Every structure is written in structure tokens, then in C-alpha cells.
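Report on one structure; see the data block that follows.
The values are calculated or read from the model by the stated rules, or taken from the named source; none is laboratory data. Keep in mind it's a predicted model, so treat the numbers as computed, not measured. So basically every Cβ, Gly included, is an ideal-geometry build from the backbone, and we count neighbours across all protein chains shown.
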Amino acid sequence: MATLQLTQVAKRFDDTEVLKGIDLEVNDREFVVFVGPSGCGKSTLLRIIAGLESATSGDIVVDGERINEVGPADRGLAMVFQSYALYPHMTVEDNMGFSLRLAGVGKAQRRDKVREAARILQLEPLLDRKPKALSGGQRQRVAIGRAIVRNPSIFLFDEPLSNLDAALRVQMRIELARLHEELDATMIYVTHDQIEAMTMADKIVVLQAGEVEQVGSPMELYHHPRNRFVAGFIGSPKMNFLPVTASAADSDGVEVQLPGGGQRKVPVKGEGLSGGEPLELGIRPEHLVLDDEGPLEGRIQVLERLGGQTSLYLKMGEQLITLMADGDVEHRVHDLVRFGFEPQRAHLFDAEGLALESLQRHPLSRLVRQDSRERSENSRARPEDDA
Amino acid sequence: MNTSRTQRLVLAVVAWSITFVIFFPILWMFLTGFKTEAQAIADPTLFFTPTLESYAAIQSRANYFHFALNSVYVAFGSTLLALLIGIPSAYSMAFLPTKRTKGTLLWMLSTKMLPPVGVLVPIYLIFRDLGMLDTRIGLIVVYTLMNLPIVIWMLYTFFKDLPKDILEAGRMDGASTHQEILFLLIPLTLPGIASTGLLSVILSWNEAFWSLNLTSSRAAPLTAYIASFSSPEGLFWAKLSAASTMAVAPILIFGWLTQKQMVRGLTFGAVK
């Protein structure tokens, strides 16, 4: 069991407010990802949970116990650093066993635990090497191994993959997901990469300027972003935003006037909107479709053929719109094309950037990782877990 | 840019010339030690029959090893003490800095700008009252205080180069502050600590002002031994040179043996 509650956690450095009262709940065995642009406070929040930084105010509660004043080592957490932070003068085995050595664990027992972690991470042949004789991916695995050996209640990862090259990053992402399942542990993961967040998280926490913008499952954030920032941050390529005006609103949705003159009714809650109110229409590149009858028109400025897909960058007035089309489109640069979208795929944002709520929840937005849930149900039923 | 042969040749000649100018007094001292007193004050010449006369004379007049041993005790003792105080101080300044850390460092270094003679009388009186005149402990204390600003400053710059993450990882692993220093900081900055220590040894070994003023015989190190040859009867150049050669020889050999370490330490941050 390992849960974490943050209540109104705030941090200020001198005059700058880095975190402005964060409330968050992390459930047992959950994989939670903090994501946000650099400087949003995500790393500071992780360091506060780790105990490397103290919160200016607020409570940090692990398994029902307030740990604000508990030292980093006694919180039962383990952290993997962005720079790996291996001890360069120690072998892999000593690196992984250091915490046990400090805790006064005997040599034989230490060896067993390190071997076990090394087995999980396939590090056995490297145990006698020094960190400088390892590749980036291997170093990262040692750093994770060092965390595993401590048998922590919660794993903390601070941008662990950002120093790796693209191919290795994909591989480590898969490995981390596998580890999460094998270790059955609660994990908190910080990244600025929304792809890492989308692929690994049970729950994503989007942070900006020291505040939580939205908390939810990846699909929930993708389909129901709470505001313009989350909508733009989650999803790749980025969501397109078009200035529109509301022309009518009823219980079936809001009718908007598009830049080219067309009308579309977006199924969102918009009662109380008056006609002529300026709104922003958000539509993801993958939800725009080439359509000769479509309400929008743009000139192709750049065309990127990826094989299976083609990215079109369309000049529409002063705006550049991204459209993901099929790999076989025959258009060329400078062609004038018409395009459109399905209204239920679109989002509307008011003048403050807040999303108007969809009338229908996307069926996948409540999706959680089925397998790990089942596993945890099973393990809870096992008698030895009650002891 | 392609350095031509002549350019390199000119550079080499300049470098060797400068080295020679710097080294010349030491060479001359070394040679003079093997001359007779008459030869020593005669017209300078490189060609003479070397003699060990002066070395024999100085050995019969004073016990070299007594002074040498004092030098060893005092130089290494003060260095050890300076490191013992300096390492924790530099640790806190490098890893737990406050707004005043930079100022404190500068202030410490500024004490080195004060001429020592300015505090000679008070220190002499304090030492007299504490019974520390002409004791090795007294000299160790003075040298430690004298070198501490430089030691802390150097250690600080070496420690600053160590990624903070490594110590934080140690803290997550359960290391207390002293375990962090002992198991992580010291092993990882050992080259820097060693070169700091070597510098401190050399500075203490060569220090003359305090040793001449605070010691007379029991605790007198080699600097006092040399000075004792500029006697009231007048200057005896050959004997003085022989004594000086004997005094600098150990530290010169020591420096030569640890040269690699020194260079490694002084370029520690750059090549890491």
C-alpha cells in the first residue's frame, strides 16, 4: 500500500512563488505523470515529495502520515535523477547496494538484493563495472536498480529519459511500463514530454506556472481538456485554434461562424452564450479532413510526407493550420485545398481560455489500465498480503 | 592556424629562457653549496672543484634532522588540521549556500592581504601567555590559520564542480551529512583535496616569518635552520647555500614526486 496526498502545497523562493497551493491525490499502484513546460514547478514538486526541498506551506501525506518533517531517507521513497547521479567511484553493485550498506545490512543479504534487482533489469553482467564504462541506457537502468533495491513505497522519477537518444527513449519507456507492472508499485514521474505522459500514465497532472491545470487519465485530457493550455499541450502535433464567433446556442450545442463564412454546430454546453460572442475553436490536426465540400480553405505551405501519413501546413489568412492526412494524398505545395471536421471532434474555448463542456463524454475518457487493475484486485485477495 | 617551425622554435626558446631565469637562483644556490667560502665570494664562475666542506661544516654545527623533523611535523600537522576544518566548511559553502556565502569567502581571502607583521605583537603576547612560544603545536595553529582561507577557497571551487545530484542521491539513499562527506564528497574530489593539501604543505614548509618569530630552538623548523647561518660573525655564503639546499631538497623532491597529482588537481574541473 502506498498512497500520497498533497494538500495546498506551496513553495516560494525569496519573492517568487514556484508552487501555488497544489492539491493532489495519488492512489496505490498508480502511475502518475507530472507534465508541463519547463519552469512550471513540476520538478520542485517532486523534490518536495522526495524531501530534498521543503514546502513553504501545505501537507505531504504518505499512507495517512504527514511527512513534511521526515528526512528524505526515512520517507520510504526512492528517486531516479535526470542526470542518473550514479556514484562514479563505485561499481554498479556498490552503487545499487549503497543504501543497504548505509542501513547496516549484512554483506550477503546486500548481495542477494542487488542480484535480484540486477536480474529484473538485466544488469547482471555489468555488476563489476564502474558507471563510466556504461552506456546511457545502462546507466539509467543502474539508477533505477538503485531505487528498486531500496524497496520504496513510491518511486519518483525526475525526467529520467531526457538524456537518452530517441530510440533508447522508446525502449526505456516500454521497460518502465513493464517495471511498473512487475513491481506493482506507485510511481510518480516528471517529464516535459507529453508523449511520455500519454503513453505511461494512469493519471496525468498538467502543471503550468505553479498551478495544476488539469488532472485526469490520458484519454480524458486528450478528449476533454479543461482549458486552452491543456488542449494545446496534450497531443502531438499541437491542436489548431481558430477564432470564431457564436451565432446561436441551445441544448444541442453552440453554433459558430467559421473564418471562411461557414457555420457549424459544436455539441457543447453553451446556454447563456449570447450571439456574436468571440470564441476559439480547437481542432486537432488528426481530426481535420481534406474535403472539397469543407467549410475551410487554405494554401499548402509545407507538406511533409511521412509515408503512412502526410502533415500539411496550411496558410489560412495569417494562421498556419496543421492537418494530418493520409499518406497517399496527391496534393502539392502551393495547392489551394478545402477541408473540414466533424463537429463532435471540435472544442470551444471562451474568452478566458476555459473549455465549454462537451455534451457527451468520450467513451474512452474513463479508461484505466485494465491489466494492472485486475492484478491489484487479485493480489489484494491473496492471503499473504493481509499479513 | 598552422604554427610554422620557426614560430615553434621561437616559442620554445622564450619558454626555456623564462624557465632558466626563474630557476637560476636555485641553481646558483645549489652550486655555491659545493664551493669553499673563498670561491663563493670570488668572481662568479661555473667551473670549480666541488667540495663537501660546507656540508660537513653545517652538519657539525647544527642537527639538521631536528629541524627537518620539526618542518615535517608542522607542515603536515597544519595541513591535516586545515583540511579537517576546511572540508566541512567548504562543503556547507558549496552545497548549502546562503546570500552571504560569496561575501564570507571574499572576506576570508581578504585577511590574507593584511601584513602578518601587523598582528605579530598581539599573537606573540597571546602565545607567551598560553605558553605556546617555541612549541610545534603553536606553529601548527598559526600555519593552519594562515592557510585556512586558501584551503577553503580551493576546496570550495573543487566541491562546486561536483554535481549536486550525486549528494542528493546519497541523501535519498540514507546518508547522513558526515556519511555524505566521507563516502561521496571526499572520494570524488580527492584529486582536488590532494592538490589543496600539497599546496598547504609547501606554503607551511617555506613559511619563515612566523617560524622565526615564534620559535627559537625546540620547535624551530628548517627556515630557522637556514636563518641561523646568517650569523653575527658575518655571512658565510657557501654554508648558507649548503643549508638552504638541504632545507629545500625534501620539499623539492616531494613536489617532484607529487607533480602529477598537483597538475591533475589544479586542472580537475577542466578535464572532468
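Residues to consider are B:SER110, B:SER60, B:SER89, B:SER54; find the one that is modelled with pLDDT of 95 or more and of a type in the set (Gly, Ala, Ser).
The conditions single out B:SER89.
On the given criteria, is A:VAL105 in a helix (DSSP H, G or I), within 14 Å of chain B (Cβ to nearest Cβ), of a type in the set (A, V, I, L, M, F, W, C) and buried (at least 16 other Cβ atoms within 10 Å of the Cβ)?
Judged against the criteria, A:VAL105 is not a match.
Name the single residue, out of those in the range B:150-184 being among the hydrophobic types (A, V, I, L, M, F, W, C) and outside any helix (DSSP H, G or I), that is farthest from the other protein chains (Cβ to nearest Cβ).
B:LEU162
Being part of a helix (DSSP H, G or I), surrounded by 19 or more Cβ atoms within 10 Å (Cβ to Cβ) and of a type in the set (Lys, Arg) is the filter; apply it to the range A:120-158 and report the residue that is farthest from the other protein chains (Cβ to nearest Cβ).
The extreme case among them is A:ARG141.
Looking at the range B:65-84, can you tell me whether even one residue there is under 17 Å from B:SER204 (Cα atoms) and exposed (fewer than 13 other Cβ atoms within 10 Å of the Cβ)?
yes
Let's see how each residue does on (1) over 19 Å from A:VAL212 (Cβ atoms); (2) among the aromatic types (Phe, Trp, Tyr); (3) in contact (Cβ under 8 Å) with a residue 60 or more places away in the chain:
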{"position": "A:THR3", "(1), (2), (3)": "no, no, yes"}
{"position": "A:GLU17", "(1), (2), (3)": "no, no, yes"}
{"position": "A:GLU25", "(1), (2), (3)": "no, no, no"}
{"position": "A:PHE34", "(1), (2), (3)": "no, yes, yes"}
{"position": "A:SER38", "(1), (2), (3)": "no, no, yes"}
{"position": "A:SER43", "(1), (2), (3)": "no, no, yes"}
{"position": "A:GLY71", "(1), (2), (3)": "yes, no, no"}
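Looking at (1) at pLDDT 95 or above; (2) within 14 Å of chain A (Cβ to nearest Cβ), which is the one condition that is false for B:THR144?
Here B:THR144 meets the rest and fails (2).
Working only within the range A:159-199, note down all residues that are within 13 Å of chain B (Cβ to nearest Cβ) and over 12 Å from the mean Cα position of the chain (by Cα).
Listed by number, the residues that qualify are A:PRO160, A:ASN163.
Determine if the range A:84-96 includes at least one residue that is in contact with a Pro (Cβ under 9 Å, 6 or more places away or on another chain), at positive phi, within 14 Å of chain B (Cβ to nearest Cβ) and touching a residue at least 60 places away in the same chain (Cβ under 8 Å).
yes
Test of understanding: among B:THR144, B:THR135, which residue is over 30 Å from A:ASP15 (Cβ atoms) and surrounded by 21 or more Cβ atoms within 10 Å (Cβ to Cβ)?
B:THR144
Taking B:PHE209 as the residue in question, decide whether it is of a type in the set (Phe, Trp, Tyr) and within 30 Å of A:ASN95 (Cβ to Cβ).
No; evaluated as a whole, the condition is false for this residue.
Please return the ranges of helices (runs of 4 or more DSSP H) entirely within the range B:1-108 where 3 or more residues are among the aromatic types (Phe, Trp, Tyr).
B:5-32, B:64-95
Of (1) at pLDDT 90 or above; (2) more than 28 Å from the chain's Cα centre (by Cα), A:PRO259 satisfies all except one. Which?
In the conditions (1) at pLDDT 90 or above; (2) more than 28 Å from the chain's Cα centre (by Cα), A:PRO259 misses (1) alone.
Going through A:LEU323, A:LEU303 one at a time, which residue ends up being at pLDDT 90 or above, more than 23 Å from A:MET198 (Cβ to Cβ) and not assigned by TED's automatic domain parsing to the domain that holds A:GLN214?
None of the others qualify; the one that does is A:LEU303.
Looking at the range B:185-200, which of the residues that are within 14 Å of chain A (Cβ to nearest Cβ) and part of a helix (DSSP H, G or I) is surrounded by the most Cβ atoms within 10 Å (Cβ to Cβ)?
B:LEU185
Exactly one condition in (1) more than 10 Å from every other protein chain (Cβ to nearest Cβ); (2) part of a helix (DSSP H, G or I); (3) surrounded by fewer than 19 Cβ atoms within 10 Å (Cβ to Cβ) is false for A:THR44; which is it?
Tallying (1) more than 10 Å from every other protein chain (Cβ to nearest Cβ); (2) part of a helix (DSSP H, G or I); (3) surrounded by fewer than 19 Cβ atoms within 10 Å (Cβ to Cβ), A:THR44 fails exactly one: (3).
This table checks each residue for (1) in contact with an Asp or Glu (Cβ under 7 Å, 6 or more places away or on another chain); (2) closer than 30 Å to A:GLN5 by Cβ.
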site	(1), (2)
A:GLY210	yes, yes
A:ILE234	no, yes
A:LYS238	no, no
A:PRO243	yes, no
A:ASP252	no, no
A:VAL268	yes, no
A:ARG284	no, no
A:LEU296	no, no
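Filter the range B:202-222 down to residues that are in contact (Cβ under 8 Å) with a residue 40 or more places away in the chain and not in a loop (DSSP other than H, G, I, E, B), then give me how many there are.
The qualifying residues number 11.
Of all residues in the range B:104-158, count the ones that are among the acidic types (Asp, Glu) and without any contact (Cβ under 8 Å) to a residue 60 or more places away in the chain.
Matching residues across the range B:104-158 total 1.
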